[in-house]
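These notes are about the structure you will find just below.
The values are calculated or read from the model by the stated rules, or taken from the named source; none is laboratory data. Note that the structure is predicted; figures quoted are calculated from it, not measured. Reconstructed Cβ throughout: ideal geometry from the backbone, glycine too, with neighbour counts over all protein chains shown. SASA here: full protein model, heavy atoms, side chains in, ligands and nucleic acids out. Shrake-Rupley method; radii C 1.70, N 1.55, O 1.52, S 1.80 Å.
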Amino acid sequence: MITMTVAQLIQALRDREFSSVELTRSYLDRIAQRDGELNSYISVAPETALAEAEAADRLLAGDSAPPLAGIPIAHKDIFCTRGLRTSCASRMLDNFVPPYDATVVERLRHAGCVTLGKTNMDEFAMGSSSESSYYGACRNPWDSRCVPGGSSGGSAAAVAADLAAAATGTDTGGSIRQPAALCGITGIKPTYGRVSRLGMIAFASSLDQGGPMARTAEDCAILLGAMAGHDARDSTSMDRPVPDYRAALSLSLQGLRIGLPREWFGEQLQSAVADRIRAALRELEALGATLVDIDLAHSELSIPAYYIIAPAEASTNLARYDGVRYGHRCDSPRDLHDLYTRSREEGFGDEVQRRILIGTYALSSGYYDAFYKKAQQARRLIRQDYLDAFGQVDIIAGPTTPGPAFRLGEKTDDPVAMYLEDIYTLGVNLAGLPALSMPAGQVDGLPVGLQLVGPHFGEAQLLAAAHQLQLATDWHQQRPPATASTGDAA
Amino acid sequence: MSWETVIGLEVHLQLATQSKIFSGSSTRFGAEPNTQASAVDLAMPGMLPVLNEQAVRFAVMFGLGIDAEIGRRSVFDRKNYFYPDLPKGYQISQFAEPIVGRGEFEITLEDGSTRSIGITRAHLEEDAGKSLHEDFHGQTGIDLNRAGTPLLEIVSEPDLRSATEAVAYLKALHSLVLYLGISDGNMAEGSMRCDINLSLRPAGSDTLGTRAEIKNVNSFRFVEKAIQFETLRQADILESGGRVVQETRLYDAERDETRPMRSKEVANDYRYFPEPDLLPVVLEESWIAQLRSELPELPPAKRARFVSDYGLSTYDAGVLVDSRALADYFEAVARDCGDAKIAANWVQVELLGQLNREDLDITRSPVPPTQLAGLIRRILDDSISGKIAKQVFEAMWQGEGDADQIIESRGLKQVSDSGKLEAMVDAVIKDSPDQVAQYRAADAGKQKKLIGYFVGQVMKASRGQANPGMVNQLLARKLGDNQQDA
């Protein structure tokens, strides 16, 4: 049963093929067996998960069960969960148990989801490999020598390895799409403002957006429907009705104009990956879509702009972790300055400290105009490129990443090589657009992701295109070898 | 050399909203430490600010009150610095695009002259918490009840020239914000705090000298003393050929001096940038127009109206419009008794005198306007004399009831019965043969003076209740009659 999609599980639970408690127990058993190697979870919550599953079973016995009653999911450890440690994969918050749920968590609870635990990630979501976690690196279920991507690597690995039916992730520069691509699952970063950021620990406020990670576009549509919507407690959340994403999945691809940015098929892209992407694009064409070459002329600005704006915002977002009210505090501080410097030095890992320093520098008086202001100008140009493109095409398609999963440690000493992982994903965040990544076959046994980008609030169209492609292909059904050989009871 | 003092003030005004500027916590003063600090105020992970619309309304009301430019689009920024009572590690403030722009503000000095003071800008921001050093041995306690309280920072141009002008400006500002109802103006509770920027320049010079900033002065008196001290300090430096250092100083009220803050207490680079958790505030014209139409009558307009409608002097009108409560009190009395000048006189002399003696605010006067008007009516209809009226007022102050009850129960009604008065006058004339003779021997000019003695005797005999006008008439006639008779 743990290999089923969310859509299938909803039906099976309603048909009483099995109970949520049985399903939850299967996932918990699987986590116990398998996660020692993968390290996709930071915290597992068996007791509360089983209690929630029991409550869901009672609701399922009546006729007023909420839409996702009894579905076991995992939350990225960046979403605050009431009573359950929320660490952001940092020593800084190793002791932090929030007294509140993030809006995303609250909405999924109301929809009936069972919380299995909290998934591993890059510390404070800063990274593309999930290696910077205080709790150790997470591994890719397709090849445990490889990274699962990041920062939502734990969520991607858990879903790919059947350690959860689905999971939540966050995406600031590609953190849902890149690990989804590297682990062979489907994940969508919604339009900025579509999903509430309240209770989601901030990395870069103007870029962060939460979204679902699952096996199929259909599952993403179901989960996004439950997560999205206006939240008066987040001023940047949009007050706009949430479409029925699941109902919209049947939209045909006939006549859909798909733009292919020339800049995404340049020398950065590994040729084997380019082949897989072109094959997927041919499938879309076969389903009735038209492929159009387009330009995103300022693409090359997205890395420099992002690596000013995101660290700038992060440097002040992370100022609250000062050892005063909660979180890590150094032993016997001599004075206030010592309390600040030692608590932060001990509490934050290298990459987080690097980005705080970059961001502080970029905002400093005398440098602000040269860095932050320029980056904001570049951001407007990038956004305008996308808006112009959507005058010609309905969606944009291309690779999610330049290559498949890389080895652990391969890029940890070279931050810039790591930053290049997000070359195709960053611009989308800078422009605030929705985008998803879905499996498009493999290279040397490792999954490759196809990225689809839509206009603002165009999630329904993106999910429909992905769903139609998944109806016609089986890339999303391919399983990591270790998973296939485990031979599950369901 | 003679020096000109140049002063600009930055006033931090606490706005009288029920809840904080970015969270739903109460802003009530004096609660147990940290009982009014929510997850947002504590800067817990993932918490986000939501702007309190009332704070925006109050800020715009202030802008309209001084006829300033209103920022149709204003932006919140983060002002970054580390301090234990600043939970987020940044203060949400407004930097490049404030909600209130350039305006003018007229102040009246004690000699009755007026000056126009430029307002550079006013912007919204949140207050920090408080660090408590006293009660924790070798440690510091943090109270975050105040963290997130809405402040309006009002920045003046360097248009003030003396401590007196600075205080007049602050008092006028204080009066304005109370009129607008946007702050409780309670200085002792920190609702109005002031940073002073002060420099000297040779009299007649156009260029500004190097300034010092004196932080966080929280009473009119301390502002006055801090400016006086700092003016002398800078003059001494300049006179002896030295140079003033641009720095931040503190005013120490106990020693009555300013001194430099430790460099640790001064952050140099706040790394301002637009707050990404809040959208720009965009104001609709119709919303602003609505607020403008709802503004109360403000002191300058009210003063002018009191002069034209009630015939008061500019000075009297100025005293009465000092607070909205006092002006309302006066108008209630004037309307009720029908004589604005007598009402103004009673309110200013007797009522304010008594309130000042007992250190009471007009809102806590034991004599309500209806009672004071009732008293004045009895003066106007000759039921009591002005002198008796003061006795009645004393009794009303003590809570003995309204004027008519007191006049009745104390038997203070003026005697206007001509028969009774004539008998009293006759008795006095009879008992004062020497004075009568003196009077009758005098010329008309002297008689006018001498008659006072007889009036006094009659008033004494009547215990003050005789109608003085009638007594005068009777005496003039009787003393004259007898003269003719003789």
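Taking 20 Å as the straight-line reach from the Cα of B:LYS448, the lysines in range (excluding those fewer than 8 positions away in the same chain) are B:LYS430, B:LYS460, B:LYS478.
Of the two radii for segment A:206-335, the radius of gyration is 1.10 times the Kirkwood radius, both from the alpha carbons; that is the Rg over Rh value.
Heavy-atom accessible surface of A:PHE457, to the nearest 10 Å², is about 40 Å², with a 1.4 Å probe and all protein chains retained.
Computed from Cα positions, the angle between helix B:418-431 and the longest principal axis of chain B comes to roughly 70 degrees. Helix-only arithmetic for chain A: the sum of -39500 (n - 2.57) across DSSP H runs with n ≥ 4, divided by the residue total, places the mean residue ellipticity at 222 nm at -12000 deg cm²/dmol.
Hey, any idea what the orientation-averaged projected area of the convex hull of chain A's Cα atoms comes to, in nm²?
Values: hull surface 86.7 nm².
So the Cα hull casts an average projection of 21.7 nm².
Would you list, by chain and number, the lysines whose Cα falls below 28 Å from the Cα of B:LYS130, excluding same-chain residues fewer than 8 positions away? The qualifying lysines are B:LYS20, B:LYS79, B:LYS88, B:LYS171, B:LYS215, B:LYS225, B:LYS264.
Site pair A:ARG380 and B:THR140 shows an inter-label distance of 4.0 nm when each label is modelled 7 Å from Cα along Cα→Cβ.
Order the following by accessible area, largest value first: A:MET121, B:MET47, A:MET238. Probe radius 1.4 Å; ligands, DNA and RNA are ignored. Don't jump to the answer; show the numbers that get you there.
Values: A:MET121 0, B:MET47 25, A:MET238 80 Å².
Solvent-accessible surface, decreasing: A:MET238, B:MET47, A:MET121.
Listed by chain and number, the aspartates and glutamates whose alpha-carbon sits under 17 Å from that of B:LYS449, ignoring those within fewer than 8 places in the same chain, are B:ASP434. Against the longest alpha carbon principal axis of chain B, how many degrees, from 0 to 90 and to the nearest 10, is the axis of helix B:386-397 turned? Rounded to the nearest ten degrees, it is 50. In order along segment B:196-211, phi translates into HN-Hα couplings of 10, 9, 9, 9, 10, 8, x, 3, x, 6, 9, 8, 7, x, 6, 9 Hz, rounded to whole numbers, per the Karplus curve 6.51 cos²θ - 1.76 cosθ + 1.60 with θ = phi - 60° and x for Gly and Pro.
With the full set of protein chains in place, find how many percent of the accessible area of the protein assembly as shown is carbon and sulfur; take the probe as 1.4 Å.
Numbers: 19370 of 39800 Å².
Carbon and sulfur: 49 percent of the exposed surface of the protein assembly as shown.
Applying the Karplus relation 6.51 cos²θ - 1.76 cosθ + 1.60 with θ = phi - 60° to segment B:284-295 yields 3J(HN,Hα) values of 7, 4, 5, 5, 5, 4, 4, 4, 4, 5, 9, 4 Hz, where x marks Gly and Pro. Computed over the Cα atoms of segment B:3-289, the ratio of the radius of gyration to the Kirkwood radius (Rg/Rh) comes to 0.97.
State the percent of C-alpha pairs, over all pairs in chain B, separated by a distance greater than 36 angstrom. For chain B, the fraction of Cα-Cα distances above 36 Å is 49 percent.
Backbone amide hydrogens, once placed in the peptide plane, bring A:ARG82 within less than 5 Å of A:TYR100, A:ASP101, A:ALA102, excluding anything fewer than 5 places away on its chain. Translational diffusion coefficient of the protein assembly as shown (Stokes-Einstein, Kirkwood radius from Cα pairs, 37 °C, 0.692 mPa s): 98 µm²/s.
Just to confirm the filter: which GluC sites (Glu not before Pro) across segment B:108-198 are DSSP coil and have at most 15 other Cβ within 10 angstrom of their Cβ?
Numbers: sites: B:GLU110, B:GLU125, B:GLU126, B:GLU134, B:GLU153, B:GLU165, B:GLU189; in loops: B:GLU110, B:GLU134, B:GLU189.
Those that pass, being in a loop and sparsely packed, are B:GLU110, B:GLU134, B:GLU189.
A 1.4 Å probe, protein heavy atoms only, puts the accessible area of A:THR103 near 0 Å².
What is the dipole size for segment B:418-485, taken about its Cα centre, with +1 at each Lys and Arg Cβ and -1 at each Asp and Glu Cβ, in debye to the nearest 20?
Values: 10 positive and 7 negative charges, 52 e Å.
Using only the charged Cβ atoms, the result is roughly 260 debye.
Expressed as an acute angle from 0 to 90° and rounded to the nearest 10, what is the orientation of the C-alpha long axis of helix B:369-380 relative to the principal long axis of chain B? Relative to chain B, helix B:369-380 is tipped by roughly 30 degrees. Counting Cβ atoms of other protein chains within 10 Å of each residue's Cβ and taking the mean over peptide B:77-90 gives 4.
Ranking A:VAL159, A:ILE71, A:THR316 by Cα position along the charge dipole of chain A, where only Lys, Arg, Asp and Glu carry charges on their C-beta atoms, puts A:THR316 farthest toward the positive end. Expressed as a whole percent, the proportion of Cα-Cα pairs in segment B:418-485 lying more than 19 Å apart is 23%. Modelled spin labels at B:ARG292 and B:LEU279, positioned 7 Å past Cα toward Cβ, are 2.5 nm from each other. Could you point to the residue in B:GLY338, B:LEU372, B:TYR453 farthest towards the positive end of segment B:332-467's charge dipole, with +1 and -1 charges on the Cβ of Lys/Arg and Asp/Glu respectively? My answer, from the dipole projection, is B:TYR453. Shielding by partners for peptide B:274-285, expressed as the average number of C-beta atoms from other protein chains within 10 Å of each residue's C-beta, is 3. Each of A:LEU387 and B:GLU189 was given a label point 7 Å from its Cα along the Cα-to-Cβ line. The distance between the two points is 4.7 nm.
When the trypsin sites (Lys or Arg not before Pro) in segment A:1-83 are filtered for DSSP coil states and for at most 10 other beta-carbon atoms within 10 Å of their beta-carbon, the remaining sites are A:ARG16.
Of the residues B:GLU224, B:GLU294, the one with the largest accessible area comes first in the ranking B:GLU294, B:GLU224, computed with a 1.4 Å probe on protein heavy atoms. With loop defined by DSSP as not H, G, I, E or B, and exposure as at most 16 other Cβ atoms within 10 Å, which is the longest segment of chain A clear of exposed GluC sites (Glu not before Pro)? It works out to A:18-266.
Considering the options B:MET424, B:GLY480, B:MET470, tell which one lies farthest towards the positive end of the dipole of segment B:418-485, charges being +1 on Lys and Arg and -1 on Asp and Glu at the Cβ, about the Cα centre. The residue sitting farthest along the positive end of the dipole is B:MET470. Rounded to the nearest 10 square angstrom, B:PHE222 shows an accessible area of 50 square angstrom against a 1.4 Å probe.
Which of the trypsin sites (Lys or Arg not before Pro) found in segment B:1-79 are loop residues per DSSP with 15 or fewer other Cβ atoms within 10 Å of their Cβ?
Working: sites: B:LYS20, B:ARG28, B:ARG57, B:ARG72, B:ARG73, B:ARG78, B:LYS79; in loops: B:LYS20, B:ARG28, B:ARG72.
Here the sparse-neighbourhood loop sites are B:ARG28, B:ARG72.
Computed with a 1.4 angstrom probe on protein heavy atoms, the B-A interface buries about 2700 square angstrom of accessible area in total. Across A:HIS110, A:HIS456, the residue with the most accessible area heads the list, and the full order at a 1.4 Å probe is A:HIS110, A:HIS456.
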